[in-house]
Amino acid sequence: MGTVAGAVGIEADSDRAIFPNVRLETRLGQDKGIKLRLPLLIPGLGSTDIATQNWEGLAIGAALTGIPLTIGENVCGMDVNAKIQNGRVIHSPDLERRVKLYQKWQRDGYGTIVVQANVEDSRLGVLEYAIERLGVNAVELKWGQGAKDIGGEVKIKSLEKAQLLKKRSYIVLPDPLDPATIEEFKNGVFTEFERHSRVGMVTEEGFLETVTQLRKAGAKHVSLKTGAYRPADLARAVKFSSRAKIDYITV
């Protein structure tokens, strides 16, 4: 609690103990290697239109402020210009744009750009691509759908895009590769598809193994995003994360 007597961190002088002299810098991580000018971070903003359309302001603002910014799920999978080879992403203009924009405006090593992965991202090798090709050193794993324990869903109004996402292993309903579905869509029986993300199944062994693999791939910092689930799940997140010695948890 506050007090009206004395000061902490500065001399008790009314001309010195003023707001401009407050220092809010801090560090995150097992090695305290993530420097923050402010004790804030921006959580996962993924493939949604609102993130895509406002990314320039978000990335430049976060980089100049010196706080971490997290690129959320499905960016590579939803990028129609991404190149997938043998089931793994080898190029994603959208992810590259997001990463490079932050890196360009980052100052004096403060903040970091974080790339998050869900089940589909992991299967596409998004984190490995980000680490090896884009120079990302901070990655985030995800339990459930982050803020909620169901899968993520978006509406797709293009048959071609729905088919592309289906081929990239997303759950797309109804099946856009089914001839009957194609005919019904073209005849106007329905006008949109649903794309769903899978919910990851958590085990301690699998979590520890994934963290180890990411570090071997070159990740300097690993974090976890989980939702406000039942107390047992939060305890599990803290327990597994402590054993894996990850850098922080976002809830």
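Below is a table of values for the structure above.
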| read-out | value |
| --- | --- |
| Contact order relative to length of the chain, as percent, for alpha carbon pairs under 8 angstrom and 6 or more apart | 17 |
| The range 12-75: trypsin sites (Lys or Arg not before Pro) falling in loop per DSSP and having at most 13 other Cβ within 10 Å | ARG16, ARG23, LYS32 |
| Gaussian network model of the chain, springs between alpha carbon atoms under 10 Å - residue of ASN86, ASN21, ASN54 with greatest fluctuation | ASN21 |
| The range 153-196: relative contact order as a whole-number percent, Cα under 8 Å and 6+ apart | 56 |
| Degrees between helix 93-105 axis and first principal axis of the chain (Cα, 0 to 90, nearest 10) | 10 |
| Computed over the range 57-180: relative contact order in percent, which uses C-alpha pairs under 8 Å that are six or more apart | 25 |
| Counting DSSP beta bridges with both ends in the chain, the antiparallel % (nearest 5) | 45 |
| Sites excluded, GluC sites (Glu not before Pro) in DSSP loops with at most 15 other C-beta within 10 Å, longest stretch of the chain | 26-191 |
| Order of THR26, THR48, THR250 - criterion: other Cβ atoms within 10 Å of each residue's Cβ, fewest first | THR26, THR48, THR250 |
| Distance from the range 49-97 to the range 156-207 (C-alpha centre basis), Å | 21 |
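Quick note: the coordinates plus some simple rules give every number you see, no bench work behind them. In this text, all values refer to a predicted model and were calculated from it rather than measured experimentally. Glycine also receives a Cβ, built like all others from the backbone with ideal geometry; neighbour counts cover every protein chain displayed.
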